[in-house]
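J.: Pasting in a structure now, in structure tokens, and then I'll have a few things to ask.
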Amino acid sequence: MNTIVVILIFGGLFLLFFVLITNPLNANKKANFWLGIFSLLFSTFWLDEILKLTKLDFTQDISSFLPVRFFQFLTPVVFYYSTVYFTNPDYRFEKRDLLHLISPFILLIVLLFEQQYPANKTLFTALISLIVLQAIYFITYSYIKIQHHKKSIRLFSSNTVEIDLKWLEHIIYALLALSFFIAGYNIFFSENDLNLFANTFVLFIIFFIAFNALKQKEIFTLNETERIQIIQTKSQTNIERQKVIDDDELIFLKEKLIKIMEKDKPFLDSDLSLISLSKLINLSPHQLSYLINVGFNKNFFLFVNKYRVELVKELLANKSNDNLSILGIAFESGFNSKTAFNTTFKKFTHQTPSEYKKSRSTL
């Protein structure tokens, strides 16, 4: 049974590498490229087991070759950069990125000593511990990137469920658990292949990555100029940033924006973004972001969804809409996800939609 799972892992990772590199949906190109490289590097951890199943006579394990081990040590680094490009497709490499190569080289040096003294249990334990520490570092760093992304997309998007990378966050949890498990397994059962339970868990991770990566829509569906404007806005999350609108003009623009929201109801468009709303009010995305943050003390997500929630409350309170489902009313009000609607509605009202409707019906 374990043999079948190993074949599925290796084949699945290699197939995932090919699909992500070719990117048939043409979405999140750089992020999928790095995620594909991660899949390829990850697959090499099962290469020895695959070769044992062949009739070819290998006198030495592939994993004992230093070049192969070095590329394996790059696996968490490559995963980190896939996360970087999911959150910023215009990321440019800088000299400081070379610092991320330090840990693979340190691991390579320790590996050289460990191969020189194979009977030294301390060196083996040190190597495994360093591998785990490296994995934890880059996985944690990736997690921080995603948390920042989840906050920053609220600056320019009114619906975030499909672009919040929640699935990638779940993969991080799984990889972290896997790192600890494999470390302990290698220390106590170093002579044995990874057991069926761990391999099955890995197979689940592979399927989860494949399913979510291939259905992940383009996060920044904008032309290059607009994307740069949005990314610049993402990096300016503090109110203390340079004033871009005078106080007198801010009052005028605040009233103008309220009129547009109440009269034209652009929030009914579930795809409303900072870019599209900025065009309606004839401001740059940066200026509109400043107006909403300073003028209304909200980010773009909360500003827009407050109008959606108010419309839902109004429609729920109207008895002529009793024949409509709550979810139908939510979609009519600009929401595009049941989960997002329930979470946002409760944030503003401190009640679920059903609780709110029931409380209104008793009045």
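J.: Which of the residues that make up the stretch 323-363 are acidic (Asp, Glu) and modelled with pLDDT of 90 or more?
T.: Quick first cut of the stretch 323-363, residues acidic (Asp, Glu) only: 332, 355.
Across the stretch 323-363, the qualifying residue is only 332.
J.: While we're on this one: Could we say that residue 349 is in contact (Cβ under 8 Å) with a residue 40 or more places away in the chain, closer than 22 Å to residue 154 by Cβ and over 28 Å from the mean Cα position of the chain (by Cα) here?
T.: Details: in contact (Cβ under 8 Å) with a residue 40 or more places away in the chain: yes; closer than 22 Å to residue 154 by Cβ: yes; over 28 Å from the mean Cα position of the chain (by Cα): yes.
Considered against the rule, which asks whether it is in contact (Cβ under 8 Å) with a residue 40 or more places away in the chain, closer than 22 Å to residue 154 by Cβ and over 28 Å from the mean Cα position of the chain (by Cα), residue 349 comes out as yes.
Residues are listed down the side, and each one gets a yes or a no for (1) at pLDDT 90 or above; (2) loosely packed, with under 14 Cβ neighbours inside 10 Å:
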position: 229; (1), (2): no, no
position: 237; (1), (2): no, no
position: 242; (1), (2): no, yes
position: 247; (1), (2): no, yes
position: 251; (1), (2): yes, yes
position: 257; (1), (2): yes, no
position: 261; (1), (2): yes, no
position: 264; (1), (2): yes, yes
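J.: Quick check on the stretch 136-149. Is at least one of its residues charged (D, E, K, R) and either under 26 Å from residue 341 (Cα atoms) or buried (at least 18 other Cβ atoms within 10 Å of the Cβ) (or both)? Let's see the steps before the verdict.
T.: Pass one, the stretch 136-149, residues charged (D, E, K, R): 145.
Keeping just the survivors that are either under 26 Å from residue 341 (Cα atoms) or buried (at least 18 other Cβ atoms within 10 Å of the Cβ) (or both) gives 145.
Yes: one or more hits.
J.: Given the options 311, 250, 283, 291, name the one that is closer than 29 Å to residue 353 by Cβ and either free of Cβ contacts under 8 Å to residues at least 24 places away in the same chain or not small (Gly, Ala, Ser) (or both).
T.: On the way: 250 fails: closer than 29 Å to residue 353 by Cβ; 283 fails: closer than 29 Å to residue 353 by Cβ; 291 fails: closer than 29 Å to residue 353 by Cβ.
Only one candidate passes the filter, namely 311.
J.: Is it the case that some residue within the stretch 211-220 is at pLDDT 90 or above and surrounded by 16 or more Cβ atoms within 10 Å (Cβ to Cβ)?
T.: Within the stretch 211-220, one or more residues are at pLDDT 90 or above and surrounded by 16 or more Cβ atoms within 10 Å (Cβ to Cβ).
J.: Of the numbered conditions (1) modelled with pLDDT of 65 or more; (2) part of a loop (DSSP other than H, G, I, E, B), residue 192 satisfies every one except a single condition; which is it?
T.: Tallying (1) modelled with pLDDT of 65 or more; (2) part of a loop (DSSP other than H, G, I, E, B), residue 192 fails exactly one: (1).
J.: Filter the stretch 272-302 for residues that are of a type in the set (Phe, Trp, Tyr) and surrounded by fewer than 22 Cβ atoms within 10 Å (Cβ to Cβ); which is farthest from residue 249 (Cα to Cα)? I'd like the intermediate steps shown before the answer.
T.: Residues of the stretch 272-302 that are of a type in the set (Phe, Trp, Tyr), as a first pass: 290, 296, 300-301.
Retained after the next criterion (residues that are surrounded by fewer than 22 Cβ atoms within 10 Å (Cβ to Cβ)): 296, 301.
On the way: 296: 14, 301: 23 Å.
Looking at residues that are of a type in the set (Phe, Trp, Tyr) and surrounded by fewer than 22 Cβ atoms within 10 Å (Cβ to Cβ), I get 301.
J.: So which residues in the stretch 7-51 are farther than 16 Å from residue 69 by Cα and of a type in the set (Ser, Thr, Tyr)?
T.: Listed by number, the list holds a single entry, 22.
J.: Further question on the same structure: Considering only residues of the stretch 306-363 that are in contact with a Phe, Trp or Tyr (Cβ under 6 Å, 6 or more places away or on another chain) and under 22 Å from residue 273 (Cα atoms), which is surrounded by the fewest Cβ atoms within 10 Å (Cβ to Cβ)?
T.: In the first step, residues of the stretch 306-363 are kept if they are in contact with a Phe, Trp or Tyr (Cβ under 6 Å, 6 or more places away or on another chain); the result is 307-309, 330, 334-335, 341, 349, 353.
Now drop any that are not under 22 Å from residue 273 (Cα atoms), which leaves 307-309, 330, 334-335, 341.
Details: 307: 20, 308: 26, 309: 25, 330: 25, 334: 24, 335: 26, 341: 25.
Filtering the stretch 306-363 for residues that are in contact with a Phe, Trp or Tyr (Cβ under 6 Å, 6 or more places away or on another chain) and under 22 Å from residue 273 (Cα atoms), the one surrounded by the fewest Cβ atoms within 10 Å (Cβ to Cβ) comes out as 307.
J.: So which pairs qualify, if the first residue must be in the stretch 33-49 and in the same structural domain as residue 70 (by TED's automatic domain parsing), the second must be of a type in the set (Asp, Glu), the Cβ gap must be under 8 Å, and the two must be at least 6 apart or on different chains?
T.: Listed by first residue and then by second, the contacts come to 48/61; 49/193.
The values are calculated or read from the model by the stated rules, or taken from the named source; none is laboratory data. In this text, all values refer to a predicted model and were calculated from it rather than measured experimentally. In this analysis, Cβ positions are derived from the backbone assuming ideal geometry, glycine residues included, and neighbour counts consider all displayed protein chains.
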